[in-house]
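FYI, it's all coordinate maths here, none of it is from the lab. The model shown is predicted, which means the values in this text are computed figures rather than measured ones. Neighbour counts are summed over all protein chains in view; Cβ atoms, including those assigned to glycine, are modelled from backbone coordinates with ideal geometry.
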Amino acid sequence: GIPMEIIVGKMFKLEIWETLLSSMRAGEVAEFWCDAIHTGMYALVSRGMRRIAEGRDPLEGQKHRCGMGNMFDYHSTGYDDLDELQRTPQPLIFIMELFRVEEPSAYKRDTWAMSKEEKLAFFFNRLVLRKEFGQAAAKYQEAVICLRNLQAKEKPWEDGWLKLESLVTPLVLNYCQCQLELGEYYEVLEHTTELLQKHNDNAKAYFKRAKAHAAVWNEREAREDFLRVAHLDPSMAAAVKKELKQLGERMRKKHVEDRKRYQGLF
């Protein structure tokens, strides 16, 4: 029930489909007879499409090798009709309807078609949307540790090290955001401070540290960090103004409560 997507020029497994579709107009339905020389890979392609339709990963269980290599390992596609076609290749008739043609950046891919980095981001975002901050924080931490281990093999501040650092920084910030949601404020203070020792112009790190300071009643430190944020990134000025207002209200309320508490003691 979901249309298939082909990126033209990306060497799709069944190359003849790209040729056929490129000859069609949007909204057209066409029938093509293809000789067996063009249909040899159809069984493998169809297996992947069927698995996607079943909600499974089309590469599930495969080793890191070509599709034919996996066929020799497992001797079956998992579908009797495709196994028969694999044993005796034959001409096929394809009936196609071309729904639309889009720019490469205009569509969202399914998770099975994403790169490792895209899958990672998708997975983290899904955890955060579900408010599963503990799980998300654990995954962010695991990713940071893996990248730090790779970074340890590079010379500090050279290209390889900097490239990895550019990947680590947003992960650390996302980890800190999860910890803010979980109320682990001192954890946030530790990691943002460490990050700012290397990148003292990172407004987002100052912002998260300021919120952590505010949460543990470090008023002076929170105000200093919020003001740094507004200086480094004027686009965040409105957010800073809102946070400073909330900080002032919380501190005033705390002072009133403290006075009442101390009066009761004497």
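Brief remarks on what is shown
- Nonlocal amide H pairs with L92, under 5 Å, H built at 1.01 Å: C34
- For L247, neighbours were defined as the other residues whose beta-carbon sits under 12 Å from its Cβ, and their charges (Lys and Arg +1, Asp and Glu -1) total +4.
- On the basis of the beta-carbon distance and an R0 of 45 Å, M251 and I52 show a calculated FRET efficiency of 0.25.
- From most to least packed by mean Cβ count within 10 Å, the peptides 149-161, 14-26, 169-181 give 169-181, 14-26, 149-161.
- Measuring against 32 Å, Cα to Cα, the residue pairs K208/K253; K155/K241; K153/K204; K153/K242; K153/K211; K139/K253 contain K155/K241; K153/K242; K153/K211; K139/K253 as the ones spanning a longer distance.
- Stokes-Einstein translational diffusion, segment 116-264 - Kirkwood Rh over all Cα pairs, 1.306 mPa s, 10 °C, in µm²/s: 94
- For peptides 79-90, 40-51, sequence by mean Cβ density within 10 Å, most packed first: 40-51, 79-90
- Over segment 126-266, relative contact order from alpha-carbon pairs under 8 Å, at least 6 apart, %: 15
- Zone residues, segment 15-39, relative to E97, backbone N less than 20 Å from point 7 Å out along Cα-to-Cβ: 17-18, 20-33
- Pairwise FRET efficiency - A138 versus Q90, Cβ, R0 = 45 Å, nearest 0.05: 0.30
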